[in-house]
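Each reported figure results from applying straightforward, stated rules to the coordinates on display, with no laboratory input. Please read all numbers here as calculations on a predicted model, not as lab measurements. Note that each Cβ is placed from the backbone with ideal geometry, even for glycine, and that neighbours are counted across all protein chains shown.
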Amino acid sequence: MSLFSFPRLREFGAWRRTTFATDLAAGAHATVNDEAIELRFDQPVTFDILSLEEKIELGQRVQAHRVLYQDTAGVWQWLIEAHTIGCKKLERFNRVTVKVIRL
């Protein structure tokens, strides 16, 4: 019996493909320095999940992280604060529309 013969797995697969179909960061302008990574978007983008990854071959180096965003009015807002990232971490939150995001 295939795993995809289970309806909930098919539903989850469809949700996953839809949710992660577009890489919003692909068109962003990135600035990286010793303290932060900042992504600036040409147009505001809206999302409610942030996918973070470390290059795990170098070891797990992020002990804690904070994400801020600049809203469409230009005001900086706190989004999340958490601990390790590891191989991959999905952060969920209420939907936001941003011009700039800073990790």
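Below are the figures for this structure:
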quantity	calculated
Relative contact order %, the chain, counting alpha carbon pairs below 8 Å whose residues are six or more apart	29 percent
Within the chain, longest stretch clear of exposed GluC sites (Glu not before Pro) (DSSP loop, no more than 15 other Cβ within 10 Å)	54-103
Spin-label pair Trp15/Asn33, simplified geometry with 7 Å Cα→Cβ offset, distance in nm	4.0 nm
Acute angle (nearest 10 degrees) that the helix 7-19 long axis makes with the longest principal axis of the chain, alpha-carbon atoms	30 degrees
Coil-residue trypsin sites (Lys or Arg not before Pro) of the chain, DSSP, other Cβ within 10 Å capped at 14	Lys55, Arg61, Lys88
Amide H within-cut-off set for Val62, under 5 Å, with H built and near neighbours excluded	Ile85, Gly86
³J(HN,Hα), Karplus 6.51/-1.76/1.60, whole Hz, each residue of region 80-89, x for Gly, Pro	8, 9, 8, 9, 4, 9, x, 4, 6, 9
Residues in region 60-84 reached by a label modelled at Thr22 [backbone nitrogen below 12 Å; 7 Å Cα→Cβ]	none
Estimated distance in nm for a label pair at Trp78 and Glu53, the labels positioned 7 Å out from Cα along Cα-to-Cβ	3.0 nm
Percent of alpha-carbon pairs separated by more than 17 Å within region 1-70	62 percent
